[in-house]
1. Within the range 90-146, count every residue that is aromatic (Phe, Trp, Tyr) and part of a helix (DSSP H, G or I).
2. Does LEU380 satisfy the criteria of being under 28 Å from HIS106 (Cα atoms), surrounded by 23 or more Cβ atoms within 10 Å (Cβ to Cβ) and touching a Pro at 6+ places or on another chain (Cβ under 8 Å)?
3. Among the residues of the range 345-361, are any assigned to a loop (DSSP other than H, G, I, E, B), assigned by TED's automatic domain parsing to the domain that holds VAL48 and under 21 Å from the mean Cα position of the chain (by Cα)?
4. Looking only at the range 11-53, count every residue that is surrounded by fewer than 22 Cβ atoms within 10 Å (Cβ to Cβ), at pLDDT below 75 and assigned to a loop (DSSP other than H, G, I, E, B) and tell me the total.
5. Among all residue pairs at least 6 apart or on different chains, which show Cβ distances below 6 Å where the first residue, located in the range 282-300, is farther than 18 Å from THR12 by Cα and the second is assigned to a helix (DSSP H, G or I) and of a type in the set (Gly, Ala, Ser)?
6. Every residue in the range 364-420 that is closer than 25 Å to ARG39 by Cβ, out of contact with any Asp or Glu (no Cβ under 6 Å at 6 or more places or on another chain) and of a type in the set (Gly, Ala, Ser), please.
7. Could you list all residues from the range 60-115 that are surrounded by 15 or more Cβ atoms within 10 Å (Cβ to Cβ), of a type in the set (Lys, Arg) and under 25 Å from ALA351 (Cα atoms)?
8. Among the residues of the range 427-447, what is the count of those that are crowded, with 18+ Cβ neighbours inside 10 Å, in contact with a strand residue (DSSP E or B) (Cβ under 6 Å, 6 or more places away or on another chain) and of a type outside the set (D, E, K, R)?
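The values are calculated or read from the model by the stated rules, or taken from the named source; none is laboratory data. In this text, all values refer to a predicted model and were calculated from it rather than measured experimentally. Here the Cβ is made from the backbone with ideal geometry for all residues, glycine too, and neighbour counts use every protein chain on show.
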Amino acid sequence: MVITKKYIPRRTFLRAAGAAVALPMLDAMTPAFAVEAKRPIRMMFMQVPNGIMNLKNEFAPKDEGPITTMPRSLEPMAAFKDNLVIPTNLDQNQAAGLDFEIAGDHPRAATAWLTGAHAKMTSGADLKGGISADQIAARQFGKETQLASLEIGLESPEVIGSCEAAYACAYYNTISWRNDSSPLPMENRPRALFERLFGETTDPEIRMALRKEDRSIIDTINASIKKMRLELGGTDRSKIDQYIDAIRDVERRMQLAEKQAGNDLPQVTSPVGAPEVFSDYFKLMTDLLVLAWQTDMTRVITFMMGHEMSGRAYPEIGFPDAHHPCTHHQGDPEKIEKTTKINTFHVKQLAYFCDRLANTKDGGDGSLLDNSMTLYGAALSDANLHLYTDLPLLLTAGKNTGIKGGVMVKYPKRTPMTNLLVTMLDKAGVTGVESLGDSKGRLSLPA
């Protein structure tokens, strides 16, 4: 018997000056007669600012059990209903203020969301929180990936000092903590994220020259691409072509945004080089994150659509009102309706991300959606009252996570949200986690 299958190492890169492009999972990365290794479970923690209302069961259904009708705010996720678990009655009690603390509901909620820890009231450098669930996963997964984790945001993290009462702005600007004193900054620049994934720091002048000439990094590795295509089978050639096309498309969109940023246009909510339209900005950043998962550059991502108390407006949905003032509706039906439209618009962005995952192969016959879980939600429920109880959460889980979707689950009231985080770490294969923050055990998820 003659075995002709070409084998290439899993961590193969296509290299050229200024670029190092990792490859997606290819058939040729499994040796002849070998059993394909089980694909890793990726984790995304995606937070939206300023709470999510559920005043008329518009986010979570009233009744426990199978989701028969999608709530209004979740309608954009209808195509992924069978992947959804809606957990209710989960609280973050560490967001509650102590008797001596002044205001600070937003910063405490943001800090507690993935840590189950109480933010110390300070506007100085003596920040205090706790390690977050993503960083617990990153400690283990980072041993096998080039990047232990990615921390991504869609608003500037550069505000310093005090943002509310005596709380430092750092508390608002992140949901990721390496340890109890080290909040991690959120990267909001598409170009910086792109070069972190695909650029080598050894020759920044070459990368700058490519940008000035509107050339793709793919141009620098064309010879390597052609050589590799000749050595691969038809299925792998197709995967390579789709992957390279995706990188080119991302670069083209960045170049358009960067040219636009040089024009005399008002730019108040996005960093230089980011698309002005929010949905375009979201899509560009999440397309980069899909590439990061596709190449197994990282398996853990935190993503903030906006920092707490975000005043971003979304004119693309028909009105100019800023988000945070709308959430303090005080019963005003017009503000409630606008807030609900913003909540639905955010879920529409999540649906785009899930669709990209579903249409990206991940070895064998599976997709990135099959091999991932995304926890979506907010650190407050009704932000009009700054509630941190019965948090609005949505877990999107692929078929290979061992979690069965299409259901709403009611847990006992006052259950710590950290119980869910510990359970997610278990499902992702993170070992040795006995507790997190104020957790008191694990949750039973539908299987």
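1. The number of residues fulfilling the criteria is 1.
2. Working: under 28 Å from HIS106 (Cα atoms): yes; surrounded by 23 or more Cβ atoms within 10 Å (Cβ to Cβ): yes; touching a Pro at 6+ places or on another chain (Cβ under 8 Å): no.
Judged against the criteria, LEU380 is not a match.
3. Yes, the conditions are met somewhere in the range 345-361.
4. Going through the range 11-53 one residue at a time, the tally reaches 10.
5. Note: pairs meeting the criteria are VAL300/ALA137; VAL300/ALA138.
6. Across the range 364-420, the qualifying residues are GLY366, SER367, SER372, ALA397, GLY402.
7. Once the filter is applied, which keeps residues that are surrounded by 15 or more Cβ atoms within 10 Å (Cβ to Cβ), of a type in the set (Lys, Arg) and under 25 Å from ALA351 (Cα atoms), the range 60-115 yields ARG72, LYS81.
8. Qualifying residue count for the region: 2.
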